[in-house]
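Taken together, the values in this text are just the output of simple stated rules run on the coordinates, not laboratory data. The shown structure was predicted, so the numbers you read here are calculated from the model rather than taken from an experiment. Neighbour counts run over all protein chains shown; Cβ positions are idealised from the backbone, glycine included.
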Amino acid sequence: MNHSLHITTQRLELLPCCLEVAQAVVAKNKSEVEKLLGVRVPDEWYTGEVLDIFPMYTQMLIDDPSQLGWGVWLIIHIADNTLIGDLGFLGKPNEQGTTEMGYEVISAYRQQGFAFEAVEALVNFAFTQPQLKSIVSHSPNDHVASIRILEKLGMQQVERNENLIKWELKLESR
């Protein structure tokens, strides 16, 4: 994937999080993140689960800049010029052509279709990459909104335990 990546949907812009922005996030330098992106970054975004992976993600980009696009993407609400969430993958596809996907939208922007709009656009884009054969994702058993998004995407439940459902979407089933 190249460095001029970005995806625009009807209401959103999706940007792969570059090393400079990732380093500012790890440093908890909100004003630098806002300056680099040219958008407002709500405080709530900094409480999200994605922040736990930023140190690892930053190192991933340092070790292999071609991972850009296979890691964290930022969800920008165009009309509000605001960072409303993130989504992405846990790295390039493995030998079987599989990568794992996750996503999160801040509370003020939930229940409005933004997560589905973003996830669908990124999945469609990712499946244009020749090495990708399938995407897996995990959702809590009781997270109705997340389950609905994954079902709407056409993902199939492949495993389930008392806490999590594992989902998969294969290229050939699209």
Can you tell which of L90, L36, L14 shows the greatest fluctuation in a Gaussian network model of the chain with Cα springs below 10 Å?
L36
Sites removed, the longest contiguous part of the chain containing no DSSP-loop GluC sites (Glu not before Pro) with at most 11 other Cβ within 10 Å is 1-94
Quick check for you: which residues of segment 108-137 have the amide N under 14 Å from the point 7 Å beyond the Cα of A79 toward its beta carbon?
109-110, 112-114
Going 7 Å from the Cα of K152 toward and past its Cβ, which residues in segment 122-136 have a backbone nitrogen under 15 Å from where you end up?
122-124
Return V119, V50 ranked ascending by Cβ neighbour count within 10 Å, so the fewest neighbours appear first.
V50, V119
In the neighborhood of T98, defined by Cβ-to-Cβ distances under 12 Å, what is the net charge if each Lys or Arg adds +1 and each Asp or Glu adds -1?
+1
At H143 and N124, where each label point lies 7 Å from the Cα along Cα→Cβ, what is the point-to-point distance in nanometres?
2.4 nm
In Hz, Karplus ³J(HN,Hα) per residue of segment 7-13 (6.51, -1.76, 1.60; θ = phi - 60°; x = Gly, Pro)
10, 10, 10, 4, 10, 10, 10
Roughly how many debye, to the nearest 20, is the charge dipole of segment 7-173 about its Cα centre, given +1 on each Lys and Arg Cβ, -1 on each Asp and Glu Cβ, and no other charges?
260 debye
Counting sequence-distant residues (5 or more places) and residues on other chains, those with an amide H built under 5 Å from that of W73 are C17, L87, G88, F89
Along principal axes, largest first, the alpha-carbon spread of segment 7-173 in whole Å comes out as 42, 36, 32
Sequence-separation-based contact order of segment 7-173, relative, with Cα cut under 8 Å and 6+ spacing, percent:
19 percent
Taking the Cα centre of segment 77-174 as the origin, how large is its charge dipole in debye, to the nearest 20, when only Lys and Arg (+1) and Asp and Glu (-1) carry charge on their Cβ atoms?
200 debye
Theoretical FRET efficiency, 1/(1+(r/R0)^6), r = Cβ-Cβ of N29 and N94, R0 41 Å, to 0.05
0.80
Karplus couplings for segment 151-167 from phi (6.51 cos²θ - 1.76 cosθ + 1.60, θ = phi - 60°), rounded to Hz, Gly and Pro as x?
5, 4, 5, x, 6, 10, 6, 10, 8, 8, 10, 5, 10, 10, 10, 9, 10
What are the ³J(HN,Hα) couplings of segment 20-29, residue after residue, when phi is run through the Karplus curve with 6.51, -1.76, 1.60 and θ = phi - 60°? Round to Hz, x for glycine and proline.
4, 5, 4, 5, 5, 5, 4, 6, 6, 9
